[in-house]
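The values are calculated or read from the model by the stated rules, or taken from the named source; none is laboratory data. Bear in mind that the values here come from a model prediction, so they are computed numbers and not experimental data. Here Cβ is always computed from backbone atoms with ideal geometry, including for glycine, and neighbour counts include all displayed protein chains. Accessible surface is based on the protein model in full, side chains and every heavy atom, while ligands, DNA and RNA are left aside. Shrake-Rupley method; radii C 1.70, N 1.55, O 1.52, S 1.80 Å.
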Amino acid sequence: MQLTDSLKHLLKETAQLLKGAAKRKFIAQTVVALGYGGHSLAQRELGWNRVTISKGIKELNSGITCIDNYPGRGRYKAESHLPNLLEDIKKLVDGQSQIDPSFKSQRLYMRLSAVQVRHQLIEKFGYADEELPTSETIRVKLNNLGYRLKRVAKIQPQKKFPQTDAIFEQLAIVHQEALDDPSILRLSLDAKARVNIGSFDRGGRNRAPTKTDDHDFHPKTSVTPYGIFLPELDELFLYFTESKVTSDFIVDILADFWKSESWRFPEVKTLLINQDNGGENNSRRTQVMKRIVEFSHKYQLNLRLAYYPPYHSKYNPIERTWAVLENYWNGSILDEVETALNFAHNMTWNGKHPVVKLVTKTDELGIRLTKEAMAEIEKQITRLTSSSHENFPDLGKWFIDICYETT
């Protein structure tokens, strides 16, 4: 048989229209008709598989047709028989993951290895060892979810305090309580490094040729973005200020957020606030504690302050949004405050644009309460101590409850 171009096209199209045993029978009959060397010729010219050809010829010669077991082929993904597996993995690692500290990547880096994740799935979520996939499969799942077990520059904390592990364990507890209780709304707060406004190179790339000043010694001004992030809703609120971030500024923007958004959360009675424990917002700062107690009383809200341990603030979920903002406006000239605000307006976090506001108020610096006044504030707050939770050391600096009914 001479295989012309038109005949080859016809044979290929016919084989594609057939399935299973009918297709093998047609292939076998064609190969037999080709004569000596038909196997090689069909494989070379028609692209047919030699195994399929051999199987078809055996069926043709014996008259016995093999039954195809299509459902038995391949393997199902682990999540097909463990539907909650991916969500449970996220719950485990999300509270122990951080963004690249240089904000050059949106990747997440985690403190747990795949082996540890598998062990904790068994320990905390009740999975049986035999039903879970291997650690290698767990590692692939982690990578697919966006978590990477990889060291980057500056990721290693300079110091590890004795309470670090206990703080992370308690954070996991309060975060899970917020997930399970609809009356608790979790907020993540933090400031980004100040941004110089002027005709300066920010180290990014731009498709249009752009020239900047050869130095950045004298910026027009500088702005600090301060964010309120809702991890469970993936919503971001950005407040920009040209003045210093003070205790009053932090509580003022928290009040602004709640005044504009509280109508959406009629069932919320408690705000769980994640922050780092330094600067103007730490729990020993007298002015911020005074203002936060006043905020609780004014809006009749219970507050739970949950701080990340020293040198671990990058684990705060708000930090992940800074990577998006930094990558979004890199390569562009932020020569005016309005330009920076417009870039922030246009960025997206998981498909959502943030709410962006410019705060023009300038707060007084260095406000402190007397020891007597602070002692009165301490009576209105509850700090987590070793006596209130026997499994942990004294964590009163990092976990504070404020109940407005007692303030």
*Among the residues of region 200-210, which ones are modelled with pLDDT under 65 and open to solvent by less than 60 Å² (accessible area, probe 1.4 Å)?*
ALA208
*asked:* Take the conditions touching a residue at least 24 places away in the same chain (Cβ under 8 Å), part of a loop (DSSP other than H, G, I, E, B) and either out of contact with any Gly (no Cβ under 8 Å at 6 or more places or on another chain) or on the phi > 0 side of the Ramachandran plot (or both) and apply them to PRO182. Does it pass?
replied: yes
*asked:* For the list (1) modelled with pLDDT under 90; (2) surrounded by fewer than 15 Cβ atoms within 10 Å (Cβ to Cβ), I need the number of the one condition that TYR147 fails.
replied: (2)
*Would you mention how many residues in region 309-323 are modelled with pLDDT of 90 or more and either assigned to a strand (DSSP E or B) or surrounded by fewer than 18 Cβ atoms within 10 Å (Cβ to Cβ) (or both)?*
0
*asked:* The conditions are (1) buried (at least 20 other Cβ atoms within 10 Å of the Cβ); (2) closer than 29 Å to VAL268 by Cβ, and GLU326 fails exactly one of them. Which is it?
replied: (2)
_Selection from region 10-49 of residues that are over 17 Å from THR65 (Cβ atoms) and open to solvent by 80 Å² or more (accessible area, probe 1.4 Å)_ = LEU10, LYS12, GLU13, GLN16, LEU17, TYR36, GLN43, ARG44, ASN49
_Which pairs turn up if I take residues in region 212-240 that are without any contact (Cβ under 8 Å) to a residue 40 or more places away in the chain and among the charged types (D, E, K, R) and look for partners that are open to solvent by 50 Å² or more (accessible area, probe 1.4 Å) and part of a strand (DSSP E or B) with beta carbon separation below 9 Å, at least 6 apart in sequence or on another chain?_
ASP216/ASN196
*Between a first residue in region 258-275 that is without any contact (Cβ under 8 Å) to a residue 24 or more places away in the chain and a second residue that is crowded, with 17+ Cβ neighbours inside 10 Å and assigned to a loop (DSSP other than H, G, I, E, B), which pairs have beta carbons less than 9 Å apart while being 6 or more apart in sequence or on different chains?*
none
_Candidate set from region 334-347 (those that are in contact with a Pro (Cβ under 8 Å, 6 or more places away or on another chain) and farther than 17 Å from ALA193 by Cα); member that is most open to solvent (accessible area, probe 1.4 Å)_ = HIS345
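Condition check ((1) in contact with a Ser or Thr (Cβ under 8 Å, 6 or more places away or on another chain); (2) closer than 30 Å to LEU132 by Cα; (3) of a type in the set (Asp, Glu); (4) part of a helix (DSSP H, G or I)) across all residues:
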site	(1), (2), (3), (4)
ARG24	yes, no, no, yes
VAL32	no, no, no, yes
LEU41	no, no, no, yes
ARG44	no, no, no, yes
VAL51	no, no, no, yes
GLY56	no, no, no, yes
LEU60	no, no, no, yes
CYS66	no, no, no, no
*With the condition kept exactly as written, say whether any residue in region 192-199 is at pLDDT below 85, open to solvent by 20 Å² or more (accessible area, probe 1.4 Å) and either polar (S, T, N, Q) or assigned to a loop (DSSP other than H, G, I, E, B) (or both).*
yes
*asked:* Can you tell me which of (1) open to solvent by 50 Å² or more (accessible area, probe 1.4 Å); (2) under 16 Å from LEU189 (Cα atoms); (3) not aliphatic (A, V, I, L, M) is the one HIS297 doesn't meet?
replied: (2)
*Output the number of the condition that LYS58 fails; it satisfies all remaining conditions of (1) modelled with pLDDT under 80; (2) open to solvent by 60 Å² or more (accessible area, probe 1.4 Å).*
(1)
*Filter region 281-324 for residues that are within 27 Å of the chain's Cα centre (by Cα) and over 19 Å from LYS397 (Cα atoms) and give the result.*
PRO317, ILE318, GLU319, ARG320, THR321, TRP322, ALA323, VAL324
*So how many residues does region 250-283 have that are touching a Leu at 6+ places or on another chain (Cβ under 6 Å) and either outside any loop (DSSP other than H, G, I, E, B) or of a type in the set (Lys, Arg) (or both)?*
3
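Take ASP252 and decide whether it is open to solvent by 40 Å² or more (accessible area, probe 1.4 Å) and within 23 Å of GLU376 (Cα to Cα).
Numbers: open to solvent by 40 Å² or more (accessible area, probe 1.4 Å): yes; within 23 Å of GLU376 (Cα to Cα): yes.
Considered against the rule, which asks whether it is open to solvent by 40 Å² or more (accessible area, probe 1.4 Å) and within 23 Å of GLU376 (Cα to Cα), ASP252 comes out as yes.
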*In this structure, does LEU7 turn out to be farther than 25 Å from ASN69 by Cα and not in a helix (DSSP H, G or I)?*
no
*asked:* Out of everything in region 284-293 that is free of Cβ contacts under 8 Å to residues at least 60 places away in the same chain and assigned to a helix (DSSP H, G or I), what residue ends up being least open to solvent (accessible area, probe 1.4 Å)?
replied: VAL288
